[in-house]
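Trainee: Handing you a structure now.
Values quoted throughout were computed directly from the atomic coordinates according to the rules given, and no laboratory measurement underlies them. The shown structure was predicted, so the numbers you read here are calculated from the model rather than taken from an experiment. Here the Cβ positions follow ideal geometry from the backbone for every residue, glycine too, while neighbour counts run over all protein chains shown.
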Amino acid sequence: MKKYLFAISALALLVSCGGPASSAEPQTQELEITDANGRKVTVTPGNYSKIVCIGAGALRMYSYVATTSLLAGVEDIDNPEAAGRPAMFDGVARPYFIVNSNDYKQLPSCGKGGPQAQAAEAESILACRPDLVISEYENVDDANRLQQQLGVPVITLKYGSKGVFDENAWNSIRLIGKVVGKEQKAETLISYITQAKADIEKRTANLSSDKKAYICGLGQWGTTTHLWSAKNYEPFNIAHITNVCDGVLQNPGIQKLEEEVFTSISSQIDVMILDAAAIKNIKPLYKENPNMFDGVKAWQNGEVYLQMAYNAYYTNLELALANTYFGAKAIYPEAFADVDMKAKLNEITNAFLGKAIADEIYSYPHSFGGYQKINTSTFFNE
């Protein structure tokens, strides 16, 4: 009799868990978690199979930790076959989209998405019948309202101002890992990021360079031009690179320089790094005025570089990390002589997404061939 009861109990356990134990084994115990914006949300970790991700960068962050098999819908911007989808990023490599787009196009819409989508589309989300919503919309009241409308947990994420090196981003990755039952995978990724950060810092910590760098063309709710740069640019901070803008801008973060300010610092720019996202805007400006960079020291000395677009529907964290290696290599070539950028990019995308996709990234129209020192006499005239 005891053996019979034991067998029944074991069978009941298997049924309740959906089969044999796995790393994402469903649980029946509820847990109160605190999301990235301080909201208390009750969840049942590892027990979700119909998830939707909404808002800039939510699906990307999710893709670093969990699989497409748990998704119940995607925003139109991430569905390559959705009618009327926002297409402003189609020429820009988004690694999570490269890896998963064939799966995304099989899923229903949970909203339009894109930079112009400033609020969640409750009706579209509800049509996907989710059991969990992961949101990058950071307004607490809106998240609470959406959770009440849907009747399922809504957890919010946050990237933070330092991108791939921001603890807000790391904690958001941890949060997703906890909720979907992939905590170890989340911790493995965070460990990879922190080790890469330490590697760059160690290589450059005892080096000194009188070179001043100018990073430009950084995306800010869309593509920009050479006048958009940043003060307190974290990849430069990590790599101990002197940022020429730190001395002329008042506030940290991405912002537009006045033309006069750019002209005033041009002679101080020893190394100029252009973000690939802005090239499509800079090229026509250059054709109208081929002398626009004549005063830039780096332009005259052949020290102009192209990094990959890392802001496209929020931050491509893996590309931000690769860009940090690239910028450091441009300033300290000897310290990074062993770093081949294509091999490093493959290593990074494999760590984030389980696949080496440097060739695919380089093939995108607005990657312009990948990481490179730009031949200014030909590049802008092509």
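Trainee: Reachable aspartates and glutamates from K212, Cα under 16 Å, same-chain residues fewer than 8 places away excluded?
Mentor: Candidates past the 8-residue exclusion: E234, D246, D270, E303.
Trainee: Counting DSSP beta bridges with both partners in the chain, what percentage is antiparallel, nearest 5? Write out the running numbers ahead of the final one.
Mentor: Values: 11 of 31 bridges.
Antiparallel bridges: around 35 percent, rounded to the nearest 5.
Trainee: Using unit Cβ charges (K, R positive; D, E negative) and no other charged atoms, how large, in debye to the nearest 20, is the dipole of the chain about its Cα centre? Before the final figure, lay out each step's value.
Mentor: Details: 34 positive and 42 negative charges, 158 e Å.
Computed charge dipole of the chain: roughly 760 debye.
Trainee: Would you mind telling me the antiparallel percentage of the DSSP bridges in segment 22-181, rounded to 5?
Mentor: Values: 4 of 14 bridges.
Beta bridges within segment 22-181, antiparallel portion: roughly 30 percent.
Trainee: As an exercise, use a Förster radius of 51 Å and the Cβ-Cβ distance of T378 and D142 to find the FRET efficiency, rounded to the nearest 0.05. Could the numbers behind the result be given before it?
Mentor: On the way: r = 49 Å, r/R0 = 0.96.
Plugging the Cβ-Cβ distance into 1/(1 + (r/R0)^6) gives 0.55.
Trainee: I've got another one for you. Taking the alpha-carbon centroid of each part, what is the distance from segment 34-53 to segment 153-190 in angstrom?
Mentor: For segment 34-53 versus segment 153-190, the Cα centre distance is 12 Å.
Trainee: Once you sort the root eigenvalues of the Cα gyration tensor of segment 22-181 as a ≥ b ≥ c, which label holds: rounded (a/c under 1.5), prolate (a/b larger than b/c) or oblate (the other case)? Write down the numbers at each step before the final one.
Mentor: Numbers: a/c = 1.37, a/b = 1.31, b/c = 1.04.
Since a/c stays below 1.5, the shape of segment 22-181 is classed as rounded.
Trainee: Also, I was wondering about something else. Rank Y159, P365, T242 by how far each Cα sits towards the positive end of the charge dipole of the chain (+1 on Lys, Arg Cβ; -1 on Asp, Glu Cβ) and give me just the farthest.
Mentor: The residue sitting farthest along the positive end of the dipole is Y159.
Trainee: Taking +1 at the Cβ of each Lys and Arg and -1 at the Cβ of each Asp and Glu, which of T224, C53, A205 sits farthest along the dipole of the chain towards its positive end, judged by Cα position relative to the Cα centre?
Mentor: C53
Trainee: Ok, one more. Which residue, Q268, V41, N346, has the largest displacement toward the positive end of the dipole of the chain when charges sit on each Cβ (Lys, Arg +1; Asp, Glu -1)?
Mentor: My answer, from the dipole projection, is V41.
Trainee: Take the alpha carbon gyration tensor of the chain, find the square roots of its eigenvalues, order them as a ≥ b ≥ c, and report rounded if a/c is under 1.5; if not, report prolate when a/b exceeds b/c, else oblate. Kindly include the intermediate steps, with their values, before the conclusion.
Mentor: Numbers: a/c = 2.30, a/b = 1.90, b/c = 1.21.
Prolate, since a/c reaches 1.5 and a/b exceeds b/c.
Trainee: If one computes the Cα centroid of segment 284-313 and of segment 78-143, what distance in Å separates the two points?
Mentor: 33
Trainee: On to the next question. Run the dipole for segment 60-128 about the Cα centre, Lys and Arg Cβ at +1, Asp and Glu Cβ at -1, nothing else charged, and hand back the magnitude in debye, nearest 20.
Mentor: Working: 5 positive and 8 negative charges, 33 e Å.
That gives a dipole near 160 debye.
Trainee: Given Cβ point charges of +1 (Lys, Arg) and -1 (Asp, Glu) and nothing else, what value in debye, to the nearest 20, does the dipole of segment 22-181 about its Cα centre take? Please report the intermediate quantities before stating the final value.
Mentor: Values: 14 positive and 19 negative charges, 32 e Å.
Dipole of segment 22-181, to the nearest 20 debye: 160 debye.
Trainee: Which lysines does K355 reach when only Cα atoms under 20 Å apart count, and residues fewer than 8 places away in its own chain are ignored?
Mentor: Excluding near neighbours in sequence, the set is K105, K182, K185, K342, K344.
Trainee: Further, regarding this structure: Aspartates and glutamates within cross-link reach of K112: Cα-Cα under 13 Å, excluding same-chain residues under 8 positions apart?
Mentor: Output for K112: E75, D76, D78, E81, E121, E123.
Trainee: Also, quick follow-up: Once a ≥ b ≥ c are taken as the square roots of the eigenvalues of the Cα gyration tensor of segment 161-206, is the result rounded (a/c under 1.5), prolate (a/b larger than b/c) or oblate (a/b not larger than b/c)? Intermediate results must be reported in sequence, preceding the final value.
Mentor: Values: a/c = 5.50, a/b = 2.06, b/c = 2.66.
Since a/c reaches 1.5 but b/c is at least a/b, the shape of segment 161-206 is classed as oblate.
Trainee: Shifting gears a bit: Out of all DSSP beta bridges with both ends in segment 206-381, state the antiparallel percent to the nearest 5. Spell out each step's value before the answer.
Mentor: Working: 7 of 17 bridges.
Of those bridges, close to 40 percent are antiparallel.
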